[in-house]
Amino acid sequence: MALLQISEPGQSTNPHEHRLAAGIDLGTTNSLVASVKSGLAETLPDQQGEHSLPSVVRYTGDNIIVGSEAKSAAAEDPLNTISSVKRYMGRGLADVNELGGRRPYEFVNADSAVPRIHTVAGDVSAVEVSAEILKTLKTRAEASLGDALTGVVITVPAYFDDAQRQATKDAGKLAGLNVLRLLNEPTAAAVAYGLDKGAEGVIAVYDLGGGTFDISILRLNKGVFEVMATAGNTSLGGDDLDYAVAKWIMDEAGIEDDSSHHQMRRLMRTACNAKETLSKQNSVEINIKLDNGSNWNGSLSLEKFNELISPLVQKTLLPCRRALRDAGVEATEVQAVVMVGGSTRVPLVRSKVEEFFQQQPLTDIDPDTVVAMGAAIQADVLVGNKAEDDLLLLDVIPLSLGLETMGGLVEKVISRNTTIPVARAQDFTTFKDGQTAMSIHVLQGERELVSDCRSLGRFALHEIPAMVAGAARIRVTFQVDADGLLSVTAREETTGVESGIEVKPSYGLTDTEIETMLRDSIEYAEGDVAARMLREQQVEAERVLEALEAALDEDGELLNTDERQEIDLAANRLIELSKGSEVRAIKEGIAELDKVATEFVARRMDGSIKKALAGHNVNEF
């Protein structure tokens, strides 16, 4: 028998207007899906009543298993059972090798920048593994809600870079989901606590999950959440606490070889169970089977556990200090501290956070479910079930946006990771005398030259008043709305003439393309700066030569033959130098031409003053 959803008066839209939406917390250790029912956000259980889905996928020869059943097989089949895959999202193989702790997988070298894991079912990427988790959550939500989902909001760590965000979106698409928006996890947690309904001020979100840590400082101002600063560690989380305990067990049991995948999985599972038990009691008995067939028994006290993990917990406080400093606030100015992630149940973590911020953190909502609930609230807004003016959340721009300037250079107008919606304006001018039109070329990317960035579109501004070069004032405005739609307008300030274009700046790039663009911006940074300096000097040389040519055509008679020859020689030398690649030589050529033309410039100025004074006396001026 189908279940009916009953709502209080005024708490639900009309049935024909209600759209089904969900929020998904795609976690390192566990994932959840939540939805708003009768005006309240709640996580959705599976058929066994379990709300949390272990983020573990097992590949067999016949099928793909997700969740608890896969997790239970991790020790027996470690190479085909993938866990903590969130750590690998949007990363290259070199990045994966730098992550803390031992990872019992066989990574495959492939042509793609995205590393692939070898399994009996074939080589799979982190995106494909994440898509299997999302498919399971989608099936759970649609079974629970009774119909297909209109859209979902998926949460990501605030510090996730463009490649990691794009990889998450791709996983959602691969799972057959309509991803309405990626939402920063700290913002989702603050929404779940209803902090968007309270007084305006500064909020800190301390998020220690299974594989990642981040601290975010948010400011709530007139219903808008602004991420003031974020810091963290992409390779520090509950897994590392488990590894610290596993290493202690190895030392106590005399295990020196950590190359056994099966034994490491058993050790990590035992360590995790010990950690969870010590969150509730003062000691735990440990019994583990070793590869040599023997058993090791021992006892781990809460005091010893705190000693083992203290350096790791301390490492989370350094980003906290940095985030506060970057936000320009003191710890005492923070009005509320929200705890997110299962690892925040550890008593030492809570006490250290309370000591650092000098206030008791908020732990009323289950730290494992708080992010999914906040995402569900935002998803409900985005599908139209709730007035959007109730809440405004800010996403970020994944790659810088700018336009082409003379010499094939890129002038960045909006930098990457700027929160949206955003509007930025910049003034430009004409390059040539009498210029009446300007071509605007909109670009996306981190490199200095147009040829190394992605073209988004072009448009032209006409009817610019004919003036001398540099006199016109053209204001170009970039505006990105909350959905990532970019509009660019150019306006000549004296006449009000305006033109514009709308483009989708963002997210059609694959994760490999975005990752490549970001890597290139770092790898070629030094060369790009040198190339930009060269082009800038070449453009300046061109400007000087054009201005000189126009002046000689108008007032060349002010020079005698020797003077004209000297100027021509300097000009020809600058032309030759500007064809080369020596920035300093071009700069010196410009300076030399300025020097030999100084007398000519002075005579032109005297002539202009005489013309202006003709028929007048000084007193009139």
Check your understanding: Of Lys247/Lys315; Lys275/Lys315; Lys289/Lys352; Lys169/Lys280, which sit over 26 Å apart, Cα to Cα?
Key -> Lys289/Lys352; Lys169/Lys280
Revision key, fill the gap. Quick calc, Ser439 & Lys587: beta-carbon distance into FRET formula, R0 41 Å, rounding 0.05, result 0.90
Study note, to complete from the structure: Residues whose modelled amide H sits under 5 Å from the amide H of Val413, counting only those 5 or more places away in sequence or on another chain, are Leu401, Gly402, Leu403
Review point. Across the stretch 301-318, in residue order, what do the Karplus-derived ³J(HN,Hα) couplings come to in whole Hz, using 6.51 cos²θ - 1.76 cosθ + 1.60 with θ = phi - 60° and x for Gly and Pro?
Key: 8, 4, 4, 5, 4, 4, 5, 5, 9, 3, x, 6, 5, 4, 5, 6, 7, 5
Check your understanding: Where does the charge balance sit around Leu137 when Lys and Arg score +1, Asp and Glu -1, over other residues with C-beta under 13 Å from its C-beta?
Key -> -2
Check your understanding: Ranked from the most accessible area to the least, with a 1.4 Å probe and all protein chains present, what is the order of Phe107, Phe357?
Key -> Phe107, Phe357
Practice item. Please report the relative contact order for the stretch 322-370, taking Cα pairs under 8 Å with a sequence separation of at least 6, and give it as a percent rounded to a whole number. Key: 43 percent
Check your understanding: Can you work out the FRET efficiency for the pair Glu355 and Glu256, with r the C-beta to C-beta distance and R0 = 45 Å, to the nearest 0.05?
Key -> 0.75
Check your understanding: Which Cα, out of Ala336, Gly298, Thr316, lies furthest along the positive dipole direction of the stretch 256-339 (beta carbon charges, K/R +1, D/E -1)?
Key -> Ala336
Review point. Working out 0.36 nm times the residue gap between Ala423 and Ala466, then minus their Cα-Cα distance, what length gain in nm do you get to one decimal?
Key: 12.6 nm
Revision key, fill the gap. Scoring the stretch 408-502 by relative contact order with C-alpha pairs under 8 Å, at least six apart, yields a percentage of 30 percent
**Study point:** FRET efficiency, Lys610 to Gln314 (Cβ-Cβ, R0 60 Å, nearest 0.05)
**Key:** 0.20
Exercise for review: For Met467, list long-range residues whose amide hydrogen, built 1.01 Å from N in the peptide plane, is under 5 Å from its own amide hydrogen.
Suggested key: Gly434, Gln435
Check your understanding: When the Karplus curve 6.51 cos²θ - 1.76 cosθ + 1.60 is applied with θ = phi - 60°, which whole-Hz ³J(HN,Hα) does each residue of the stretch 374-383 get, with x for Gly and Pro?
Key -> x, 5, 5, 4, 5, 4, 4, 5, 5, 7
Study note, to complete from the structure: Relative contact order of the stretch 129-202 (C-alpha contacts under 8 Å, at least 6 apart) in percent is 36 percent
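The values are calculated or read from the model by the stated rules, or taken from the named source; none is laboratory data. Fair warning: this is a prediction, and the values are worked out from it, not measured in the lab. Every residue, glycine as well, gets a Cβ built from its backbone with ideal geometry; the counts of neighbours run over all protein chains shown. Surface accessibility is based on the protein's heavy atoms, side chains included, excluding ligands, DNA and RNA. Shrake-Rupley method; radii C 1.70, N 1.55, O 1.52, S 1.80 Å.
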